[in-house]
Amino acid sequence: MPADIEIAQQANIRRIGEVAREKLGIGDEHLEPYGYYKAKISLDYVDSLKDRPDGKLILVTAISPTPAGEGKTTTTVGLGDALNRIGKKASICLREPSLGPVFGMKGGAAGGGYAQVVPMEDINLHFTGDFGAIALAHNLLAAMIDNHIHHGNELNFDVRRVAWKRVVDMNDRALRQITVALGGVGNGYPREDGFDIVVASEIMAIFCLSTSIKDLKDRLGRIVVGYTRDQKPIRAGDLHAHGAMAVLLKNALKPNLVQTLENNPAFIHGGPFANIAHGCNSVLATKTALKLSDYVVTEAGFGADLGAEKFIDIKCRKSGLRPRAVVIVATIRALKYHGGVDLKELNTENLDALTKGVANLDRHVNNIRNHFGLPCVVAINHFTFDTALEIELLKKKMAHREAPVVVCRHWAEGGKGAEELARTVVDTVDKMPVDFHFVYEDEVPLWDKVKAVATKLYGASEVTADPKVRGQIKKLQDSSYGHYPVCIAKTQYSFSTDAKLRGAPSNHEINIREVRLAAGAEFVVMVCGEIMTMPGLPKAPAATKIDLDDSGKVTGLF
């Protein structure tokens, strides 16, 4: 089978204006084209849709990620194509890929096989410039902080408590911790600083939760960038930075429209980090798609304990969005890995390991069904090594959860290979009741919100923190932030904070080691375990395989 990029480059891509007009009813006057195959949708047009009824929202999530691979984005694309194949008017909504992972370990992130979004190279690289705009807005604020301090520090910044780093959309471990303003008095006051990757910026989270330019600007103004010596917060609005930041972001805020390999509409917009933020595409893109389609398929970051929880407890809480069903993606290989099998042995039938590994899937399904009150479908992303006995065992093990298990072949067959999944999802939406609820309510104290997620979803027995962290949480609780949702940052590879604990560990401890306030995004980040906001490149980065041939064609992008 050809490589993903070869499939994408051979695709019969239609002009985006044709896709917009024929599939969504959007006229050319409402599009801002970026070449022939991608466009932004004007915010005036988005606003004009507000009185239309919403379509049905389908959330795609996954089991705890493994090196064996699950295929969440591929399944999202395949399901969207399959819904269109069975006669439904459907769109998909995805996050934009970050250049750091594209050139680092992961490679491209636009689906795979015959379930991709195109133009794949553009989406994976600069796309429409959204991430560049977010980086500029973030770094403008950083520059204005140091400039303010240099010119007299009227707001009385404590330079030891500046809480705003700089960002770059590239994995670069050398920038994690740096010293700025060296070289004499003309360069400002030296202090410790550092860089995060762009997707870790609070501006990215704000961008994806904002519902209008006014909402965006208001949220930017509320960003806490540092503290005075008596620990009073200083905000971006105090520096009068939020207006200029909004100017840099005004075009980026418009949703991006592209297409799948089968010429179905795909909204790809925004991409917050799925650990220290909510890990979903923009609210604006999702709401726009719902006004224009009968079914919208979207995805959340990482496994359901992180991505789906944050999609529901943060994005849905803030936006009013309500999914009608959830698809949990798994592979037989990944479940055997959770059952203890070494990577080299995953292609060999192993019913005992599969039986053990199903515990991971079972807990995710239980969480969706019983802690969020949503109907659930399990999508098994098929590999040729899967055996009939393994598939039969998995279906038998999941029967008690009232979650249909569907084998999908969209990677090899495109939408055709996910038609059974599409019919099952439609049937689930039509027949299964929804008792949607959050894991916790707004009025619950911050500490108890973490405890609710940890004990109900992670299987933990307790939540711990040292006195300093407990004091920080209490201070936020006693201030105006106690009603915020919590965003728990932990490893994506396990229900616990230990990435090596596979399956469904129980009675473990969740330790909060750090607290971060995201006042503009309106959530409190609880850092549990070691979380990297500036990744490094691996020994053999994906960048070493990416090239440009003499004709200008990109190669090696995935």
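The values are calculated or read from the model by the stated rules, or taken from the named source; none is laboratory data. Because the structure is a prediction, the values reported are computed rather than measured. Every residue, glycine as well, gets a Cβ built from its backbone with ideal geometry; the counts of neighbours run over all protein chains shown. What goes into the accessible areas is simple: the full protein's heavy atoms, side chains included, and nothing from ligands, DNA or RNA. Shrake-Rupley method; radii C 1.70, N 1.55, O 1.52, S 1.80 Å.
Of TRP164, TRP447, TRP411, the order by accessible heavy-atom surface (1.4 Å probe, DNA, RNA and ligands excluded), from most exposed downward, is TRP411, TRP447, TRP164. Note on ASP478: accessible area is roughly 100 Å² with a 1.4 Å probe, heavy atoms of protein only. Figure note: THR211, THR128 ranked by solvent-accessible area, largest first, 1.4 Å probe, ligands and nucleic acids not counted: THR211, THR128. The string of couplings for the stretch 530-539 from the Karplus curve (6.51, -1.76, 1.60, θ = phi - 60°) is 8, 10, 9, 9, 9, x, x, 7, x, 4 Hz, one whole number per residue in order, with x for Gly and Pro. Restricting the trypsin sites (Lys or Arg not before Pro) of the stretch 1-71 to loop positions (DSSP other than H, G, I, E, B) with no more than 12 neighbouring Cβ atoms within 10 Å leaves LYS50.
Per residue, what volume in Å³ does the convex hull of the Cα atoms of the stretch 356-405 enclose? Write down the numbers at each step before the final one.
Working: hull volume 3.7 nm³, N = 50.
Here the figure is 73 Å³ per residue.
Amide H to amide H distances under 5 Å link ASP196 with ARG166, VAL167, VAL168, where only residues 5 or more positions off or on other chains count and H is placed in the peptide plane.
Are there any trypsin sites (Lys or Arg not before Pro) in the stretch 464-539 that are in a DSSP loop and have at most 10 other Cβ atoms within 10 Å? List them by number.
Numbers: sites: LYS468, ARG470, LYS474, LYS475, LYS490, LYS500, ARG502, ARG513, ARG516, LYS539; in loops: LYS490, LYS500, ARG502, ARG513, LYS539.
Filter output for the stretch 464-539: LYS500, LYS539.
Along its first, second and third principal axes, ordered by size, the stretch 307-410 spans 45, 26, 24 Å in Cα coordinates.
As a test of reading the structure, rank ILE123, ILE86 by solvent-accessible area (1.4 Å probe, protein chains only), most first.
I get ILE86, ILE123, largest accessible area first.
Protection proxy ranking, highest mean first, for peptides 254-260, 242-248: 254-260, 242-248, where packing is the per-residue count of other beta-carbon atoms within 10 Å, averaged. For the chain, the solvent-accessible area of protein heavy atoms averages 40 Å² per residue (probe radius 1.4 Å; ligands and nucleic acids excluded).
Among the protein heavy atoms, those of TYR36 account for about 130 Å² of accessible surface (1.4 Å probe, every chain in place).
Excluding same-chain neighbours fewer than eight residues apart, the lysines reachable from LYS451 by a Cα-Cα span under 26 Å are LYS310, LYS315, LYS318, LYS468, LYS474, LYS475, LYS490, LYS500.
Label the stretch 472-558 by shape, choosing from rounded, prolate and oblate, from the square roots a ≥ b ≥ c of the eigenvalues of the Cα gyration tensor; if a/c is under 1.5 it is rounded, and otherwise prolate applies when a/b is larger than b/c, oblate when it is not.
Values: a/c = 3.66, a/b = 1.84, b/c = 1.98.
Oblate is the answer for the stretch 472-558, as a/c is 1.5 or above yet b/c matches or exceeds a/b.
For the chain, a crude dipole built from +1 on the beta carbon of Lys and Arg and -1 on the beta carbon of Asp and Glu, taken about the Cα centre, is about 760 debye to the nearest 20. Helix 388-398 and the long axis of the chain differ in direction by around 60°, with both axes built from C-alpha atoms. For LYS232, neighbours were defined as the other residues whose beta-carbon sits under 13 Å from its Cβ, and their charges (Lys and Arg +1, Asp and Glu -1) total +1. By how many degrees, between 0 and 90 and to the nearest 10, does the Cα long axis of helix 467-478 differ from the longest principal axis of the chain? For 467-478 against the chain, the angle is about 90 degrees.
Using Stokes-Einstein with the Kirkwood hydrodynamic radius over Cα pairs, what translational diffusion coefficient do you get for the stretch 213-336 at 25 °C and a viscosity of 0.890 mPa s, in µm²/s rounded to a whole number?
Numbers: Rh = 17.0 Å.
Rounded, D is 144 µm²/s.
Based on the Stokes-Einstein relation at 10 °C and a viscosity of 1.306 mPa s, and on the Kirkwood radius from alpha carbon pairs, the stretch 403-460 is assigned a translational diffusion coefficient of 109 µm²/s.
Summing Lys, Arg as +1 and Asp, Glu as -1, what charge do residues with Cβ under 11 Å from the Cβ of ASP305 carry, ASP305 excluded? Walk me through the numbers before you get to the answer.
Details: positive: LYS310, ARG363, LYS456, LYS490; negative: GLU309.
So the environment of ASP305 carries a net charge of +3.
Under 5 Å between amide hydrogens, built in the peptide plane, is the criterion, and for LYS56 it picks out TYR295, VAL296 among residues at least 5 positions away or on other chains.
Rounded to the nearest 500, what is the chain's calculated 222 nm mean residue ellipticity when only DSSP H runs of at least 4 contribute -39500 (n - 2.57) each, over all residues?
Numbers: 18 runs with 170 residues, N = 558.
Value at 222 nm, helices only, nearest 500: -9000 deg cm²/dmol.
For THR211, nonlocal amide neighbours, meaning residues 5 or more places apart or on other chains whose placed amide H falls under 5 Å from its own, are LEU216.
To one decimal place, what orientation-averaged projected area in nm² is obtained for the convex hull of the Cα set of the chain? Present the calculation step by step, with values, prior to reporting the outcome.
Numbers: hull surface 101.5 nm².
So the Cα hull casts an average projection of 25.4 nm².
Pop the C-beta distance of HIS400 and ASP294 into the FRET formula with R0 = 30 Å and round what comes out to the nearest 0.05. Numbers along the way, then the final one.
Values: r = 32 Å, r/R0 = 1.06.
So the FRET efficiency works out to roughly 0.40.
For the chain, the longest principal axis of the Cα atoms and the long axis of helix 130-150 meet at an angle of about 20 degrees.
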